[in-house]
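One structure is given here, and the rest of the page talks about it.
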Amino acid sequence: MARRIALVLVLGVLLGATGCTLFTDRPIQDEGAIRITIRPSEMGSQAASPKVIPTIATKVRIRVWHPSTTYNRVATIALGGGGQSVDIPVPAGSGYNVDVVSYYGTNPALALTGGRAPNVTVMAGAPTSVQVSLQAWDCEVNGDPQVEPGKTYPLVFIPSDGGGLLTTKTLQTASLRTSTVSFQSTATPLPPFPGTYGVVQDDRLTLSGTAPSVTVPTTVYAVAMVEFSASWVDTQLPNQNERRLFIELPNRHTGNRIFQFTVAPASGGIVVDISSQRP
């Protein structure tokens, strides 16, 4: 059985009042709460697939934010054998986005699947239910299939939508991680940080590297290590290494194949034919 998502967001009232204006100062009684509940029947998948929380996921990161104001709140909920829920206090109003990402690991925390419930209304005095379906990110990588040793090469990573989360408001910076040894297995550590970052655009990111100096054709394996924006940092987590959120693209943790290309020395030369005949 898959951990199929029906992350039920019950928007209830903390203190029963009737105010609902989002853009003005308000007394505390105008707050509602977003309650996110994961029922036990939605847990325990055997593999990562669309609209699931993968088996390896240990937590979900929740971000409640408003595109027209500075409101932003982040919470993390651990996944276990029983149901879990978390209440997130939110000022009453409309137009909220509720983003949810499943992840595992603590150093770093690695995103697996994500989803968004847009245009959520928090009403004082009445509960509202919303469903969020989580989906895995796919990623197309464009680059030359063969480059020369020592040459600089660009790779363009074009991730597909992860449940509506693919914007600069979600992803921030990225670094290219490459190796001449395959790290397709998730048991193999990611290649080390090269010391340079690239900037994420709305629908793609372009990263550059330098081909290794090799004398024989050599396969190079590559992924982009992408950091979620600072708006996703959960400062309440006791482990500082887990507060930031990352994703590998292509994501080997959800079964995607990492990109590979060949570094090949230039071939060819001058053929000299020396004849013994004289004019």
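The values are calculated or read from the model by the stated rules, or taken from the named source; none is laboratory data. A quick note: this is a predicted structure, and the numbers were derived from the prediction, not measured. Here Cβ is always computed from backbone atoms with ideal geometry, including for glycine, and neighbour counts include all displayed protein chains.
Being surrounded by 14 or more Cβ atoms within 10 Å (Cβ to Cβ), modelled with pLDDT of 95 or more, outside the structural domain of residue 113 (by TED's automatic domain parsing) and of a type in the set (Lys, Arg) is true of residue 243.
Per-residue answers, yes or no, for (1) within 25 Å of residue 114 (Cα to Cα); (2) touching a helix residue (DSSP H, G or I) at 6+ places or on another chain (Cβ under 9 Å); (3) not acidic (Asp, Glu):
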residue: 142; (1), (2), (3): yes, no, yes
residue: 161; (1), (2), (3): yes, no, no
residue: 170; (1), (2), (3): yes, yes, yes
residue: 181; (1), (2), (3): no, no, yes
residue: 219; (1), (2), (3): no, no, yes
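Could you say whether any residue in the stretch 246-257 is in contact with a helix residue (DSSP H, G or I) (Cβ under 8 Å, 6 or more places away or on another chain), under 22 Å from residue 198 (Cα atoms) and not polar (S, T, N, Q)?
First, pick out the residues of the stretch 246-257 that are in contact with a helix residue (DSSP H, G or I) (Cβ under 8 Å, 6 or more places away or on another chain): none.
Looking through the stretch 246-257, none of the residues is in contact with a helix residue (DSSP H, G or I) (Cβ under 8 Å, 6 or more places away or on another chain), under 22 Å from residue 198 (Cα atoms) and not polar (S, T, N, Q).
Counting residues in the stretch 158-165 that are touching a residue at least 24 places away in the same chain (Cβ under 8 Å) and either in a strand (DSSP E or B) or over 12 Å from the mean Cα position of the chain (by Cα) (or both) gives one or more.
Which members of the stretch 187-198 meet the condition of being surrounded by 12 or more Cβ atoms within 10 Å (Cβ to Cβ) and at pLDDT below 95? Spell out the reasoning first.
Of the residues in the stretch 187-198, the ones surrounded by 12 or more Cβ atoms within 10 Å (Cβ to Cβ) are 188, 190-191, 194, 197-198.
Hits for the stretch 187-198 are 194, 197, 198.
For the residues 250, 212, the requirement of being touching a Cys at 6+ places or on another chain (Cβ under 7 Å), farther than 28 Å from residue 75 by Cβ and at pLDDT 90 or above singles out 250. Residue 230 satisfies every condition listed in (1) touching a strand residue (DSSP E or B) at 6+ places or on another chain (Cβ under 8 Å); (2) loosely packed, with under 13 Cβ neighbours inside 10 Å; (3) farther than 16 Å from residue 101 by Cβ; (4) of a type outside the set (Ser, Thr, Tyr) except (3).
Restricting to strands (runs of 3 or more DSSP E) lying wholly in the stretch 200-270: which have 2 or more residues that are within 20 Å of the chain's Cα centre (by Cα)? Step through it out loud before you land on a result.
On the way: elements: 205-210, 218-228, 245-249, 259-263.
The strands (runs of 3 or more DSSP E) meeting that bar are 205-210, 218-228, 245-249.
Can you tell me which residue within the stretch 136-179, out of those that are at pLDDT below 85 and touching a Lys or Arg at 6+ places or on another chain (Cβ under 7 Å), is nearest to residue 71 (Cα to Cα)? Among those residues, the one meeting the criterion is 165.
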